[in-house]
Each structure stands twice: as C-alpha cells, then as structure tokens.
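Structure, as structure tokens:
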Amino acid sequence: MTLEKFIPISNLELFQEIDKNKIPKHVAIIMDGNGRWATKKGLPRSSGHNKGVSVLKEIIKVSKNLGCKILTVYAFSTENWIRPAKEVDFLLRLFEKVLKKEIKEIHQESIKIKFIGDLSPFPDSLKSILYRSEAITKDNKNFTLNVCVNYGGRQEIVKVAKELAYKSFSGEINPSEVDEKLFNSKLLTQGIKDPELLIRTSGEKRISNFLLWQLAYSEIYISDVLWPDFNEFEFLKAIIDYQSRNRRFGGIESLPNESFEDSYCSS
Ligand code: FPP
C-alpha cells in the first residue's frame, strides 16, 4: 500500500519535494488507457479521448510551470489506422477541433507546437490546421509541444536509412561518414534534445514503436493510472521518481552539469 493511502499527500507537498535543479527538460508521454477508462465507466471510447484532451492541457500547464521545456506526446501511431474506421475518424476530427479551439491560447502561452510523423495521409482540412498551427507558433520560445501523429519509430529509422543510402549511392556522402550524429540530424526530431524521461500510463510496459532512437537513454516511468485519470499529482510523482534515479549513461555515475543546449545525441 502506498503512503498516500494513509496520509493524503497534497500536490503542494509533492511540489516541495522536487529538486528544481533536476527537472527533466524533455518529457515524452505515451498517453494510454483512454478506451479502457471509458469502457469501465460504460461510456463510448470517444469520451475517453475527449477527457484525454483535458488531461493533456493540464499536463502541459504543470510541466511548463515546473520548468520542463519540451513535452512530446504520442497522439496517433502508424498502427492506430487499424482501429475501427469510426474511431480513427473521431480521433482525426478531434485533433482538428482541439487545435482550432486551442491554438490562440497555445500561442498566447508562447508554446511552439510541432507535429512529428507522416502527415501526408491526413485529410486536407486537418493538414492545413496542423501546418498553420506550426507556422503561427514557430518563433515561440517558452515551451515546445511535440505531437506525434501517424508516427512510428521503425518507420522513422527506415526513412533515415533510405535517405543516407541514396546520398551514398549518388556520391553526395561517403558511407564511412555515416555516424550517430549524421543519422540523428536526419530524424524527424532533428534539433530536439532526447527525452530524459518517458512516462507511459495505464500500466503497460512497452515502448510501442515510440521514439525508438531517441529513448535510448531515457528513464522510463510506468504509471498504473489510465490517461484520463492522470493529473498534476501523478505527473509530480513521476518527476520525483525520475529524480531518485542514478543516470549513468553506461558509465558509473551521472554526468555532471548536463547542459540543455548541447548534445543533440544521447541525453
Ligand atoms: C490511447 O488510448 C490514446 C490515443 C490513441 C489517443 C490519444 C489522443 C489524445 C489524448 C488527444 C490529443 C489531442 C491533441 C490535439 C494533441 P487507447 O485508445 O489506446 O486506450 P486503450 O488502450 O484503453 O484502448
């Protein structure tokens, strides 16, 4: 039984436990459990996704206030197309509706929004709002929200391998020049530092084709809470857990003075 079952711990108490000098700058989240949450309540799966959106808004606010700089969320995977057409259609319409409604506030909050994935199969109306949201917010500096849509880690790696193979074949590069730095610079996440922390909700212990390259050294935190029930309290718990880890990067102790600006490679 966890401590909070005996003594209710407030968000403020958890907040006070956090070392403000050890906040992960980039947190990635697999927002899982929307469907199960809805089914448990006898509701249609769509209401789980709707509730999931309000949770995402809360987590953006909390992570930004805490000093995180980048949040990357998995909103639609390359595998999600095999869901019933009605659910896929609902999700795509939800993205469009949410962005139309929220983009003004996202911009006012100085949040830069970026969509990571192959946007080409999406309807034109959705593509247009995705591109427009990126264009409006591109110079915002406070915080970056990366939304992975029609994203798959393996597909991303194959895309880079293919591009480098073509460049080698055409003589533009020498195959011996292919190294981690060059490979990294061709990923969809180019220029974005790798996540220090991955949170997955709903108790599943898989990476599910999410940021396969970028998560190489990330700490993984699994929460049993379903995404629509996730909240500030659960997020703070994840941060405290992260801060208790000894990040060794294959060595014997944590790297001193990790800098946010440098190292586009492993964090
Ligand atoms: C996983 O739960 C959740 C999704 C596939 C969709 C997540 C999308 C949102 C929360 C909306 C985000 C919106 C914007 C604009 C970024 P699941 O359906 O796989 O749940 P289950 O595993 O219980 O079935």
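Some values worked out for this structure:
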{"quantity": "Overall form of segment 1-77 per C-alpha gyration tensor (a/c, 1.5; a/b vs b/c)", "calculated": "oblate"}
{"quantity": "Ser10 accessible area, 1.4 Å probe, all protein chains in place, Å² to nearest 10", "calculated": "50 Å²"}
{"quantity": "Efficiency of FRET between Lys162 and Lys141 - r from beta-carbon atoms, R0 30 angstrom, step 0.05", "calculated": "0.35"}
{"quantity": "Gain on full stretching of the segment that runs from Arg36 to Phe169 - 0.36 nm per residue minus C-alpha separation", "calculated": "43.1 nm"}
{"quantity": "Descending principal axes extents, segment 109-247, alpha-carbon based, whole Å", "calculated": "53, 41, 28"}
{"quantity": "Candidates per GluC sites (Glu not before Pro) in segment 189-221, loop by DSSP, up to 14 other Cβ within 10 Å", "calculated": "Glu204"}
{"quantity": "Taking the chain and dividing mean pair separation by its residue count, relative contact order in percent (alpha carbons under 8 Å, at least six apart)", "calculated": "26 percent"}
{"quantity": "Total lysine pairs whose alpha carbons fall under 21 Å of each other in segment 118-207 (8 or more apart, or interchain)", "calculated": "14"}
{"quantity": "Three-way shape call for the chain based on the alpha-carbon gyration tensor, with the a/c threshold at 1.5", "calculated": "oblate"}
{"quantity": "Charge dipole (segment 93-225, unit charges on Cβ, about Cα centre) - positive-most of Gly171, Pro123, Ile157", "calculated": "Pro123"}
{"quantity": "Cleavage-rule hits (trypsin sites (Lys or Arg not before Pro)) in segment 32-123: DSSP loop, at most 13 neighbouring Cβ within 10 angstrom", "calculated": "Lys41"}
{"quantity": "Point-charge dipole on Cβ atoms (K/R +1, D/E -1) for segment 37-93, about Cα centre, debye to 20", "calculated": "220 debye"}
{"quantity": "Accessible surface, segment 39-158, averaged per residue in Å² (probe 1.4 Å)", "calculated": "52 Å²"}
{"quantity": "Segment 49-103: radius of gyration and largest Cα-Cα distance (Dmax), Å", "calculated": "13.0, 39"}
{"quantity": "Accessible surface of segment 97-190 [probe 1.4 Å, protein heavy atoms]: carbon and sulfur percent", "calculated": "53 percent"}
{"quantity": "Cross-link reach list, aspartates and glutamates versus Lys104, counting only Cα pairs under 17 Å and skipping chain neighbours closer than eight places", "calculated": "Glu58, Glu96, Glu134, Asp139"}
{"quantity": "Shape category assigned to segment 1-146 from the gyration tensor of Cα positions, a/c cut at 1.5", "calculated": "oblate"}
{"quantity": "For segment 165-174, Karplus couplings with θ = phi - 60° (6.51, -1.76, 1.60), whole Hz, Gly/Pro x", "calculated": "5, 4, 5, 5, 4, 7, x, 5, 10, 8"}
{"quantity": "Estimated dipole of segment 97-220 in Debye, rounded to 20 [Cβ of Lys and Arg +1, of Asp and Glu -1, Cα centre]", "calculated": "420 debye"}
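The values are calculated or read from the model by the stated rules, or taken from the named source; none is laboratory data. Note that the coordinates shown come from a computational prediction; the quantities given were computed from them, not determined experimentally. Note: ideal-geometry Cβ built from the backbone for every residue, glycine included; neighbour counts use all protein chains shown. Keep in mind that these areas ignore ligands, DNA and RNA; they rest on the heavy atoms of the full protein, side chains included. Shrake-Rupley method; radii C 1.70, N 1.55, O 1.52, S 1.80 Å.
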